[in-house]
Every structure is written in structure tokens, then in C-alpha cells.
Amino acid sequence: MTPPQTYTARLEEKVQLNDKFTQYSFELIEPHRLKFKAGQYVSIKVSTQGERRAYSICSTPDNDHQFDLLIDASPDGLGVQFLQSLEFGTEIEVLAPMGHFTVPTDLTADHLVFIATGSGVAPFRSMIEDQLRNYQDQRQITLHWGMRQATDLFWLEEWQELDENFANFHFHPVLSQAPAAWTLCRGRVTDCLSVHPRPTQAAYFLCGGKNMVQDVTKLLISLGISAELILTEKFY
Amino acid sequence: MTTQDNTSNQQPGKYKVTVMRDKCIGCASCTAIAADTFKLDDEGISTVISQEGDDATKLLAAQSCPTGAIAATDAKTGDPVWPLSE
């Protein structure tokens, strides 16, 4: 892994994905290139007192002159307030790359199962696209993504595009408060996992709420999945 | 709150750092930033191995901990440096 260092980056674009989620794009100024692995995160200085917040990178490593972040505005904490206050062109201080939540190159699994709730999908956007487009990974890759309501979902065109262009990618959104017309999975991600066939030689990547990570880990262990094949992002 | 300070008898820097074990999630951000100061123990929890490292780096590691599990104090006075007092 590349050791973290301090970067200056400039806010380039904000895309409001829906009422809760916004995608921020930052252009790197100095150094102007960031070498990172899909799944890693950045630590942003969000106050003059030195307070920092961690955010997963949702863009792919081949685009090394910028990075994108997915921000859930609903917690309305210090980090969200800092980012929402940024004007275009404002420079920020970032420590990157951080974290070890990546797809190991020596992973023996023949199926990669990504399980997220809420903004936990952010690193998976980077990891899944990186595996499919940049590594031409031929293994089965499945994303189970839990949200409350259909209006919470975003990046649907992007997931749909991957689903159409890569036969080995499978996208399963699951809603806990699904409308009557919803024909896909309902309930929690654990319900979604029980509906779909369980792969035999799979590695599981979990990112999202603490309870979800605990519940899914417990479920997978009870199903005989080795703990070594369950990888979690710990800072969420 | 339990803390861990496995420091040697080396001359400390300006800041003394401690890890609050019950807050640490083992994400290793501190070891990535300040490898001479922190390492993960057998339980995957960060532990302090030396207070000798560069003070700015130690403070940055504390500030970058996503769970606020690292405290920094003035080594001479014991006054808290990080986290910020309310």
C-alpha cells in the first residue's frame, strides 16, 4: 500500500443525487496525482482546529488526478457542514490514501459478494468498477444494497449499465420500506441474501451500518463461511 | 476507559499519545501515518510502541483516527492536546 501523505485538492463538482446524498469531485492540486487502491478512503481536515473526517473514495484509481466522494447529508455533522459550505474552487487538505478495505489480489474466492447499506455503497462503486473494467475480472460479482425507500437509491443508471455490459455482474437492491409496485427484494439485506442462491466459494465485503455488518457477519459465520473471507470497512 | 501505553524508556517528544482500546476498531490509520509510534497488537488493536516519533506526525495520527481513539497530551504538563476539549 502507498503510505498516506498530505494533498491539496480543489472542489470541482457537486452532484446532488437525491435529497440525502451528494457526490463531490475534487481535483488534486499538489501533489497532482493520487495512487490509491479501490476501496481506500481519504481523511479530510474539516476545521481549523485540526478535526478530520474519513470518506471512502467512490471513483476508480485509473482516474488519478481527482477523487470523488459520496456524502450522506442526513447525519448533519461537522464533516457534512464543512463540505456543504465549500464553494467551487475552494482548496481543502486531504490525507490519502488510507485504509485496507480493498480486494486482495491473492483472494482465492471465485465469487465476490458486496453487501452495503446506505452510503456504505461508496467504496463498492470504486471496487466493482475497478474489478470489472480495469482488471477484467471474470469472477461472479454481486452487489446487495439495502436502502429504506426507492427514492433513496441513486447511481441506478450506472449499476444498470454495468449489469448490461458485464454478464458476471449482478445488482440486487433491497428496500425495507418498498412501495407496493416494487418487484425486487424487500426487507433487510439479510433477507435479500436468503432469497438468492448462496455461492460456494465466495468472499464477502461488508460496508455500512454497524448493526448490518454485525448481523450479516453473524449470518455468514452461521452458514459456515470462513471469517477470513468476510472483509469489512471498519470506520463506518 | 482503558488505555494502553507500551512505551519504552526512550526520550519522549513534546506530545504523549495513548490509545483508548475500547474505542479502537483496528482500522490502522494511525499505523499508516505514524508507523514508528503505533502498531496493531495480536488482537488487532492499536498500541503505542514509542513516544519518540515526530510530534506533528503523532498529532496527525490522533486527529485522523476515525473513532477518536487516540489522545495526545503535553508530555511535560499532562495537559490535553487532542481531542479538543468541549
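Rule-based calculations on the coordinates, nothing more; no lab input. Please read all numbers here as calculations on a predicted model, not as lab measurements. So basically every Cβ, Gly included, is an ideal-geometry build from the backbone, and we count neighbours across all protein chains shown.
For the reader, a short list of remarks on this structure follows.
- Normalised alpha carbon radius of gyration of segment A:45-204 [divisor 2.2 N^0.38 Å]: 1.14
- Considering only alpha-carbon pairs that sit under 8 angstrom and 6 or more positions apart, the relative contact order computed for segment A:166-208 is 26 percent.
- Restricting the calculation to Cα atoms, the protein assembly as shown shows an Rg/Rh of 0.98 when the hydrodynamic-style radius is the Kirkwood one.
- Any cysteine of the protein assembly as shown lacking a neighbouring Cys Cβ under 4.7 Å - listed by number: A:58, A:207, B:24, B:27, B:30, B:65
- Site pair residue A:180 and residue A:150 shows an inter-label distance of 1.2 nm when each label is modelled 7 Å from Cα along Cα→Cβ.
- Ranked by how many other Cβ atoms sit within 10 Å of their own Cβ, fewest first, the residues A:169, A:114 fall in the order A:169, A:114.
- C-alpha long axis of helix A:210-222 to longest principal axis of chain A, angle in °: 30 degrees
- With an a/c value of 1.5 or above and a/b not larger than b/c for the gyration tensor axes a ≥ b ≥ c computed over the alpha-carbon atoms, segment A:17-83 is described as oblate.
- Sorting B:15, A:41, A:135 by the number of Cβ atoms found within 10 Å of their own Cβ, with the fewest placed first, yields A:135, B:15, A:41.
- P(r) of segment A:1-130 over all Cα-Cα pairs, binned every 5 Å from zero, in whole percent: 2, 11, 20, 25, 20, 12, 5, 3, 1, 0
- Ordered by the count of other Cβ atoms within 10 Å of each Cβ, fewest first, A:196, A:144, A:100 give A:196, A:100, A:144.
- 17 Å reach of a label modelled at residue A:168, 7 Å along Cα-to-Cβ, counting backbone N of segment A:85-108: A:103-108
- Cα gyration tensor shape for segment A:91-182, rounded if a/c is under 1.5, else prolate or oblate: oblate
- Principal-axis tilt of helix A:156-165 within chain A, Cα atoms, nearest 10 degrees: 60 degrees
- As a calculated quantity, the FRET efficiency between residue A:158 and residue A:8 at R0 = 22 Å, using C-beta atoms, amounts to about 0.15.
- A simple spin-label model places the labels of residue A:90 and residue A:35 3.2 nm from each other, with each point 7 Å out along Cα-to-Cβ.
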